[in-house]
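Okay, so here's the structure we're looking at.
The values are calculated or read from the model by the stated rules, or taken from the named source; none is laboratory data. Note that the structure is a prediction, hence the values are computed from the model and not measured. Cβ coordinates were reconstructed from backbone atoms using ideal geometry, including for glycine residues, and neighbour counts include every protein chain displayed. The protein model used for the area step is the full one, side chains on, heavy atoms only, and it has no ligands, DNA or RNA in it. Shrake-Rupley method; radii C 1.70, N 1.55, O 1.52, S 1.80 Å.
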Amino acid sequence: MAKSSSNNKFWGLFRLPFKQSGNTTINSSSSSSTNLTQQLNQTSNTVSSVARSLLPTRRRLRLDPSTKLYFPYEPGKQVRSAIRIKNTSKSHVAFKFQTTAPKSCFMRPPGGILAPGETIIATVFKFVELPENNEIQKDQKSNVKFKIMSLKVKGELDYVPELFDEQRDQVAVEQILRVVFLDADRPSSVSSYRG
């Protein structure tokens with residue numbers, strides 16, 4: 001008998017943590033799995049928030065035309081083009097128009113708030129400069145660009161441009177539009193003046 005008690009003492013020195021008796025093993029096992037699950041959830045939340053920040057923002061507006069604004073090429077005149085702006089999100093969205101040439105281009109309305117699913121047709125006006133030496137400017141590129149920005153807002157608000165300054169980190173650039181001039185003599189042709 002003395003041998004068996006010394007054997008138990010000897011093997012007791014090498015007991016592993018998972019070789020514990022009945023209820024203790026289950027409790028420690030379940031508590032470790034709970035801790036592991038919590039750690040994994042925290043890690044996945046952190047990873048998903050990082051991944052979301054790296055992904056491009058989902059567009060809130062659909063623009064038609066989507067990448068170019070078409071203007072008749074009539075030097076010395078103010079010409080116009082229309083753009084359809086539709087709110088495709090499930091919340092109210094404010095939009096704002098910007099241009100690289102505010103003296104020769106503007107949009108009516110310059111901004112506003114659209115309800116979910118609402119569509120507006122805006123008009124963009126541009127003054128077409130006279131060509132130098134009375135030459136046709138088929139090879140010159142226009143540096144003018146148009147930018148439509150959006151901002152998710154809560155409910156129906158009155159539109160004020162300062163909304164975009166107050167919530168600058170929430171503003172998304174929806175699209176940068178390029179200028180394409182149409183030949184006024186031949187309406188079906190497209191001159192690729194891009195800016």
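Brief remarks on what is shown
- Here the range 166-192 is the region considered, the condition is being at pLDDT 80 or above and open to solvent by 70 Å² or more (accessible area, probe 1.4 Å), and the residue that is farthest from K96 (Cα to Cα) is R178.
- For the range 69-99, filtered to residues that are out of contact with any Ser or Thr (no Cβ under 9 Å at 6 or more places or on another chain) and under 17 Å from Q175 (Cβ atoms), the residue that is most open to solvent (accessible area, probe 1.4 Å) is Q98.
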